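> Let me begin by handing over the structure; questions about it come next.
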Amino acid sequence: MNIPMPLRVPELAPSLGRVIVTQRREAPWVPLDDIREELATAVLELAGEGRGAAAREDRAQVLEVTGRRAWAAAWDRAVRRAAARVADALDAEIARTALQVRLPRRRLRRQQLANAEKRAIAARLGTGGAAFVAALDELDQAAIRVQGATVLDKDAHADWQEALRTAARRVEAAWLALELEVEEERRRWTAEIETLSRWRPPLWPIALLWAPVAAVLVWLGLILGGYLPAPAWLAQRLGF
């Protein structure tokens, strides 16, 4: 009666498959399709590894490859890549705008995203994964219950399978929330980029440079017009 129940990894493809084939009506400002497909593929690979370990009746391996650490690693990798791509897109937009208004290179370096701002973008993109993290907590608890489950503990096995399916659904929802946050990130930076597009070089250096030249030209004009006497050195050079 203490024979362990064989673990069977449920099918996770239907939920994650929709992540791959979802089509948008318009292209996003930052392309993320490859990252989305990588995330979906990673989850499907976890399921495949889990089935392989189940076929070998390696319970510890099944729980490891389908456990919280593996899911979280796949999600964190996707969030980091998406955040880096958003930051690169923002820096490129800032650079294009700076080129249009002839912003000095030194000021451009101050306008581009700092490391702290890039980390903040990654944190905001990951906020949609709160429900997914909660699902991983449930998966952890289910894994503990099923770790020593026997053939009599059918409910523990069923709960663990359902926890896996729930994690798959939650990671899909987390990704859709991430895509919405990417669009929000663009709106968040629009005002700053528009402010940059209105930048104009200050006029005081030009005035400072040309004011003495203009004064000299006016003085010479008055001398040549006979309104002012010419200094001796200038009169000699001009033949007055």
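> Report, ordered by the first and then the second residue, all pairs with beta carbons closer than 6 Å, sequence separation of six or more or different chains, a first member in region 77-105 that is in a helix (DSSP H, G or I), and a second member that is basic (Lys, Arg).
Partner pairs satisfying both residue conditions: Ala87/Lys118.
> Follow-up question, since we're still on this one. Quick one: in region 133-159, of everything that is aliphatic (A, V, I, L, M) and open to solvent by 70 Å² or more (accessible area, probe 1.4 Å), which residue is farthest from Asp91 (Cα to Cα)?
Of region 133-159, the ones aliphatic (A, V, I, L, M) are 133-136, 139, 142-144, 146, 149, 151-152, 156, 158.
Those left that are additionally open to solvent by 70 Å² or more (accessible area, probe 1.4 Å): 144, 152.
On the way: Ile144: 46, Leu152: 59 Å.
Only one residue fits best here, namely Leu152.
> Turning to a different aspect of this structure: Consider Leu217 carefully, then state whether it is part of a loop (DSSP other than H, G, I, E, B), modelled with pLDDT of 75 or more, open to solvent by 60 Å² or more (accessible area, probe 1.4 Å) and hydrophobic (A, V, I, L, M, F, W, C).
no
> Of the residues Arg145, Arg124, Arg186, Arg170, which is part of a helix (DSSP H, G or I), closer than 30 Å to Arg96 by Cα, of a type outside the set (A, V, I, L, M, F, W, C) and in contact with a Phe, Trp or Tyr (Cβ under 8 Å, 6 or more places away or on another chain)?
None of the other options fit; the residue is Arg186.
> Another question, then. Please enumerate the residues belonging to region 106-132 that are touching a residue at least 24 places away in the same chain (Cβ under 8 Å) and open to solvent by less than 60 Å² (accessible area, probe 1.4 Å).
Gln111, Leu113, Ile121, Ala122, Leu125, Gly126, Gly128, Gly129, Ala131, Phe132
> Okay, next question. Within region 35-46, which residues are among the hydrophobic types (A, V, I, L, M, F, W, C) and in contact (Cβ under 8 Å) with a residue 40 or more places away in the chain? Break it down into steps so the answer makes sense when it comes.
So the first thing to find is which residues in region 35-46 are among the hydrophobic types (A, V, I, L, M, F, W, C), and the list is 35, 39-40, 42-44, 46.
Residues satisfying the conditions are Ile35, Leu39, Val43.
> Being open to solvent by 90 Å² or more (accessible area, probe 1.4 Å) and of a type outside the set (Lys, Arg) is the filter; apply it to region 55-70 and report the residue that is modelled with the lowest pLDDT.
For region 55-70, the residue satisfying everything is Glu57.
The values are calculated or read from the model by the stated rules, or taken from the named source; none is laboratory data. Remember, it's a predicted structure, so these values are computed and weren't measured experimentally. Here Cβ is always computed from backbone atoms with ideal geometry, including for glycine, and neighbour counts include all displayed protein chains. Ligands, DNA and RNA are excluded from the accessible area calculation, which covers all protein heavy atoms including side chains. Shrake-Rupley method; radii C 1.70, N 1.55, O 1.52, S 1.80 Å.
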